[in-house]
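The values are calculated or read from the model by the stated rules, or taken from the named source; none is laboratory data. What you are looking at is a predicted structure, and each value in this text was computed from that prediction instead of being measured. Heavy atoms of the whole protein, side chains included, go into the accessibility calculation; ligands, DNA and RNA do not. Shrake-Rupley method; radii C 1.70, N 1.55, O 1.52, S 1.80 Å.
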Amino acid sequence: MMHKRISFPKSEGVCSRQAHAGFPKEAIFEREAGRSGFFGPATHFHHTHAPTGWVEWEGDLRPRLFDFNEVERSSQASPWDVEVLLHNQNCQVRVWQLKENMVNLVRNADGDELLFVHQGSGELFSDYGHLSFSEGDYVMIPRSTNWRIEVNQPLFVLMIQNSDASYSLPDKGVVGQHAVFDPAVLETPSINGKFKAQYSEKKTQVEVKRHNQVSTITYPFNPLDAVGWHGDLAVVKLNWRDIRPLMSHRYHLPPSAHTTFVGQGFVVCTFVPRPIESDPDALKVPFYHNNDDYDEVLFYHAGDFFSRDNIEAGMVTFHPAGFTHGPHPKAFAAGRAHQKTFTDEVAVMIDTRHALSFTKAATSVENETTFIVGWIQNSERLSDEISNVKKRH
């Protein structure tokens, strides 16, 4: 049977004609209730109070703040020694700090691995050859690839496993394949001098992860001995500085416009510096919304996180499906006043179709007090700040 959603666009009461712009004076707080992660049907409500203006919270369905800087700091030679922090049937999220060269090769037989280099630099050696990488790089490693890393500067890496599936690039639709980033900027490994220099007949071990269990395969030689390859499957690298975000000076684009990689049941988006909307009627901060089908994780990499307060690089916010969220009150008031014309933040967002679970390693670095209390305190000041903005405008 064909699946067709109930759809009947209409309006009721006092509302704007365009989402995220031209709010009625009676209610400046817009809230989007949407399905399918900004791709499905949606309704925009206009409220007289901030949708996040709560003052108490009970139960597990709440926003969370994790400080991944506080996760185990000792250098771990293998990524499989690192504890999973967030996970569901489609993905696993870890952070890995590596200070010395890896001793063994590793292979992930559970899915593709996406590395985001938060700090440091190094050399990746894999079945496909040699690839240098540094801060701000994404490195996508296909499932069951043999690889290891030599460290140039101590590494802090965000790892996102696409369990039992392949990463792909998003469909860019009417804006064309060269929008956001041209596939020509993607880099692949080379069979170069550095790669050939590591050929050897020395005994080499490969740590293979399958069903989250590790097996070790021993070779009497280094299996990274390819002399060449051809095909359309390979390790690829992309730096956030090569991303040219979609923009509109009259309309605040949804997070889905910033999708960088598509996984099985989740997407990875990248927020990079861009001009802030300049049209007087346009919303200038992320809109309040219920992302009712997706959990949302945001890893903060660098810059001034203009929609959040008391957030530092290396921290992670989590907003579960079914929970209304949006800019912190202080950021909302600043957006109304158009205090900034440019945002310099860099952040990685993971939106998952199925609910995420947290391990003890994650909850041990949760910062509940700063996030919850800070939000409440800002909410109590919001009405005064908005009143002042209205007077000035």
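For region 39-136, report the accessible area per residue in Å² (1.4 Å probe, heavy atoms, rounded to an integer). Could the numbers behind the result be given before it?
Working: 3990 Å² over 98 residues.
Per residue, region 39-136 has an accessible area of 41 Å².
Under 15 Å Cα-Cα from Lys25, which aspartates and glutamates qualify once same-chain neighbours fewer than 8 residues away are excluded?
Qualifying aspartates and glutamates at Cα under 15 Å: Asp281.
Pairs Lys172/Lys237; Lys99/Lys203; Lys237/Lys340: which exceed 30 Å Cα-Cα? Walk me through the intermediate numbers first.
Values: Lys172/Lys237 19 Å; Lys99/Lys203 23 Å; Lys237/Lys340 32 Å.
Table pairs above 30 Å Cα-Cα are Lys237/Lys340.
Excluding ligands, DNA and RNA, what is the solvent-accessible area per residue of region 147-290 at a probe of 1.4 Å, expressed in Å²?
Working: 7340 Å² over 144 residues.
The answer is 51 Å² per residue.
Of all accessible surface on region 44-200 at a 1.4 Å probe, what whole percent is carbon and sulfur? Write down the numbers at each step before the final one.
Details: 3000 of 6500 Å².
It is 46 percent, rounded to a whole number.
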